[in-house]
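Only one structure is covered here, and it is reproduced in the block below.
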Amino acid sequence: LFLMNSPFVIQQARSLSQRTEIANASGNAQKASALYRLVLQRTPTRSEVKMSEKFLSAPAPGDKAVPPLEKLAQVLLLSNEVMFVV
């Protein structure tokens, strides 16, 4: 819970989602794939791409909500797999 609410992690997720290779990607699948490559150093599976596309295409609730792309970046940064990236 500490990392989920950490201003540092939130800022890192925001910065990650604004990187040119992600921001300039043509669609949600490409954005998700770029995030996976940057954070986890691997290509996402088909099911991960499908889940990411569904998540990114869902409308963000409220005006002050964090954009879905930033949320996805935060989820990947907080994943257990990040701890074991070689």
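All of the numbers you see were taken from the coordinates with simple rules; none came from a lab. None of these values were measured; they are calculated from a predicted model. Cβ coordinates were reconstructed from backbone atoms using ideal geometry, including for glycine residues, and neighbour counts include every protein chain displayed.
Roughly speaking, what is the stretch gain from Leu1 to Met83, that is 0.36 nm per residue apart minus the C-alpha to C-alpha distance, in nm to one decimal?
Working: separation 82, 0.36 × 82 = 29.52 nm, distance 1.64 nm.
Taking Leu1 through Met83 to full extension adds about 27.9 nm, to one decimal.
Among residues other than Leu72 whose Cβ falls under 15 Å from its Cβ, what is the net charge (Lys/Arg +1, Asp/Glu -1)? Kindly include the intermediate steps, with their values, before the conclusion.
Details: positive: Arg14, Arg19, Lys31, Arg37, Lys50, Lys54, Lys71; negative: Glu21, Glu48, Glu53, Glu70, Glu81.
Once positives and negatives cancel, what remains is +2.
Mean 1/r over all different Cα pairs, inverted: what Kirkwood radius does the chain give, in Å?
Roughly 13.1 Å, rounded to one decimal.
Out of all Cα-Cα pairs in region 26-73, roughly what percent, to the nearest whole number, are more than 16 Å apart?
Working: 393 of 1128 pairs.
Of all Cα-Cα distances in region 26-73, 35 percent exceed 16 Å.
Of Val66, Val49, Val39, which is the most mobile in a GNM of the chain whose springs link Cα atoms less than 10 angstrom apart?
Val66
Using a Gaussian network for the chain with springs between C-alpha atoms less than 10 Å apart, which of these wobbles most: Pro68, Pro59, Pro44?
For the chain, modelled as a Gaussian network with Cα springs under 10 Å, the answer is Pro59.
Could you compute the net charge surrounding Pro44? Neighbours are other residues with a C-beta less than 14 Å from the C-beta of Pro44; K and R count +1, D and E count -1.
Net of charged neighbours comes to +3.
Cα-based Rg (one decimal) and Dmax (whole number) for region 1-46, in Å?
11.7, 33
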